[in-house]
1. For segment 26-73, give me the residue count where each residue is within 15 Å of the chain's Cα centre (by Cα), in a loop (DSSP other than H, G, I, E, B) and of a type in the set (Gly, Ala, Ser).
2. On the given criteria, is Gly168 on the phi > 0 side of the Ramachandran plot and either modelled with pLDDT under 90 or in contact with a Leu (Cβ under 8 Å, 6 or more places away or on another chain) (or both)?
3. Pairs needed: first member in segment 57-78, among the hydroxyl-bearing types (Ser, Thr, Tyr); second member anywhere, within 15 Å of the ligand (Cβ to nearest atom); C-beta distance under 9 Å; at least 6 residues apart or different chains.
4. Considering only segment 13-22, I want to know if a residue exists there that is closer than 18 Å to Pro102 by Cβ and small (Gly, Ala, Ser).
5. Does Ala64 satisfy the condition of being of a type in the set (Gly, Ala, Ser), over 17 Å from His195 (Cβ atoms) and modelled with pLDDT under 95?
6. Can you run down the residue pairs with Cβ atoms below 7 Å, 6 or more apart or on separate chains, where the first is in segment 7-18 and more than 20 Å from Ser45 (Cα to Cα) and the partner is away from the ligand (no atom under 11 Å from the Cβ) and in a helix (DSSP H, G or I)?
7. Give me the pairs, please: first residue somewhere in segment 150-179 and under 17 Å from Asn198 (Cβ atoms), second residue anywhere and assigned to a helix (DSSP H, G or I) and not aliphatic (A, V, I, L, M), beta-carbon distance under 6 Å, and either six or more positions apart or on two chains.
8. With respect to Gly94, determine if the residue is modelled with pLDDT under 80 and within 10 Å of the chain's Cα centre (by Cα).
Amino acid sequence: MAKILIIEDELELVKVLRSYLENAGFSVITSLRGDSGLTTWHNESPDLVLLDLNLPGMDGIEIAKAIRKEASTPIIMLTARVEDTDRIIGLELGADDYVTKPFSPREVVARVKAVLRRSQPPETAAQVVQVKDLVIDEESFKVRQSGSALDLTRTEFAILLLMAQHPGKVYTRLQLLEAAQGVAYEGYERSIDAHIKNLRSKLGDKADQPRYIETVFGMGYRFKED
Ligand code: CA
């Protein structure tokens, strides 16, 4: 049973999320403060964190940074403002996904399942994709570039793996989102741009002179063929 930590200060929201997640078969622990939430994360090692942005004690940004320093625990941010999303998925934070308030608890449960699904080892035989100077290991979620390990989020990993498996093939934002999260929500396609931006930065790739990821205007992205 996967363990979900909810760090959120709106008690009613916590109650609703807890009940939906428990009905879906998850074990749920909660914290109403940021500082105690981080302590709980340390003590309980949850499989996933649902993290509010504005919290007493310590804000969600600081908590996500602190978690990322130590572990790749999947994080889904709960945010009230759409304009925060670039920052949330941005490099400085590395959250795996976000939902904007007000949200339906059902949608949150679907996101939790999707993020956890892509954190699990694949059912089919894991493969190692070697392309250009990259070695992408599906089993360990590790990517090496000329031998050096890259620190990718699960979402970035899924996007890179899919594109690198099929160099030259153009993927729409919705397709990439679906591959990364198992589900794709209309209106969230643009979050892919933030993930691509992070990937490029981590790969040392440039949008105007790409070695790996090409923007295909009006369509989406593709892994560059040699
Ligand atoms: Ca709050």
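The values are calculated or read from the model by the stated rules, or taken from the named source; none is laboratory data. Just so it is clear, the structure is predicted and the values come from calculations on it, not from any experiment. Heads up, the Cβs are rebuilt from the backbone with ideal geometry, glycines too, and the neighbour counts pull from every protein chain shown.
1. Within segment 26-73, residues that are within 15 Å of the chain's Cα centre (by Cα), in a loop (DSSP other than H, G, I, E, B) and of a type in the set (Gly, Ala, Ser) number 2.
2. Details: on the phi > 0 side of the Ramachandran plot: yes; either modelled with pLDDT under 90 or in contact with a Leu (Cβ under 8 Å, 6 or more places away or on another chain) (or both): no.
It is false that Gly168 is on the phi > 0 side of the Ramachandran plot and either modelled with pLDDT under 90 or in contact with a Leu (Cβ under 8 Å, 6 or more places away or on another chain) (or both).
3. Thr73/Val49
4. For segment 13-22, residues closer than 18 Å to Pro102 by Cβ and small (Gly, Ala, Ser): present.
5. Working: of a type in the set (Gly, Ala, Ser): yes; over 17 Å from His195 (Cβ atoms): no; modelled with pLDDT under 95: yes.
Spelling it out, it is not the case that Ala64 is of a type in the set (Gly, Ala, Ser), over 17 Å from His195 (Cβ atoms) and modelled with pLDDT under 95.
6. Partner pairs satisfying both residue conditions: Val16/Pro105.
7. Listed pairs, sorted by first residue: Leu150/Lys202; Arg154/Arg118; Arg154/Ser119; Thr155/His195; Glu156/His195; Glu156/Asn198; Ala158/Arg118; Ile159/His195.
8. yes
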